[in-house]
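Below is one structure; the comments refer to it alone.
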Amino acid sequence: MQSLPSLSCLHTHRLQLGLMLMLAGPPIALAQEPVADTPLTSEAPAETARETTAVLTPTRSQVQELSLERLLPATQQRRLNIGEQAFLGLFLPAAQPQPWGGIILIAGQDEHADWPMLIAPARRQLSAAGWHTLAISLPERDAPEHGLEASERLTRDDAYREQTLARIQAARQVLIAEGGEQQNLPVVLLGRGEGAFWALSAAVAVESTAEAANPLAAALILQGLRQTTQGETTTNHLLEQWSGPTYDILMSRPEQAEARRLQAKRLGHDRYRQLLWPQGETSELQQQILIKRLDGWLQRVLNETPDSV
């Protein structure tokens with residue numbers, strides 16, 4: 001007997017449709033201030049009109065945020081600030097008086113904070129299981145430019161890295177604030193795709209500084225963590241520096257997964273766990289099973305000492 005689709009599935013379809021309509025439609029002006037009448041002259045350059053249009057045309061990430069703000073309850077929305085910039089986070093409180101902790105979910109590049117693969121179902125299901133959840137997206141990358149010198153490319157990469165790590169720190173501060181009097185709740189980073197790389201980068205960046213006594217993450221969940229090079233940093237180098245509890249969900253060839261497992265074993269990372277996940281296994285039921293496994297692993301590993309894991 002075929003079951004009716006869940007509310008989460010219907011919501012995801014509605015959100016995807018909204019994003020498709022907004023991306024397919026004409027450019028949307030985020031805000032338009034009254035423009036004073038300007039006398040026409042033959043000297044008005046065509047570039048001015050093009051620049052005005054560019055200012056009023058929202059970026060891909062802005063379109064995604066506008067759609068999320070329109071489709072999701074305002075009670076779930078949080079504006080996270082980094083200096084003069086702000087971005088959207090989606091918060092759900094734990095469905096129990098004493099939360100297990102907080103989980104920051106980091107979507108992949110070009111994905112939004114309610115992405116239907118892992119991010120959206122995890123933020124809802126883990127909230128129902130007793131975790132505060134806060135989902136965020138990555139900053140939008142600048143369009144690649146040909147002919148950039150190595151130093152210019154490195155400067156751009158460094159700026160993107162600082163902006164991304166600042167987003168994760170801002171999300172952690174919001175989760176701690178939402179915890180109220182329970183300021184010592186463990187915080188977990190869950191990243192998907194490129195979001196997994198930045199979750200690992202953020203955890204290592206704090207662990208290697210004087211702030212290590214107050215770690216950014218108590219555990220990491222990494223789905224689809226690829227062999228990536230960001231500036232002078234590689235995925236393997238980051239994995240060597242992180243020794244905390246890690247649940248590595250790999251969607252790559254078995255030999256690559258085996259190489260990573262052996263690397264963790266060689267380094268003595270006893271709290272490293274690995275799961276091979278087929279690339280096409282993305283049904284709603286399969287995701288529910290996966291997230292239930294993540295919940296069980298987190299509750300177990302965060303209540304164990306390193307020597308007993």
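Every number in this text was worked out from the coordinates using simple rules, so none of it is lab data. Source: prediction; values computed, not measured. Positions of Cβ are generated from backbone atoms using ideal geometry, with glycine treated the same way; all protein chains shown enter the neighbour counts.
If amide hydrogens are placed 1.01 Å from N in the peptide plane, which non-local residues have theirs closer than 5 Å to the one on GLN274? Amide H neighbours of GLN274, under 5 Å, 5+ apart: ASP248. Working from Cα pairs under 8 Å separated by at least six residues, relative contact order for region 217-309 is 28 percent.
Each Lys and Arg Cβ is given +1 and each Asp and Glu Cβ -1; about its Cα centre, region 71-153 then shows a dipole of about 600 debye. Applying both filters, DSSP loop and at most 14 other Cβ atoms within 10 Å, to the GluC sites (Glu not before Pro) of region 262-304 gives GLU281, GLU304.
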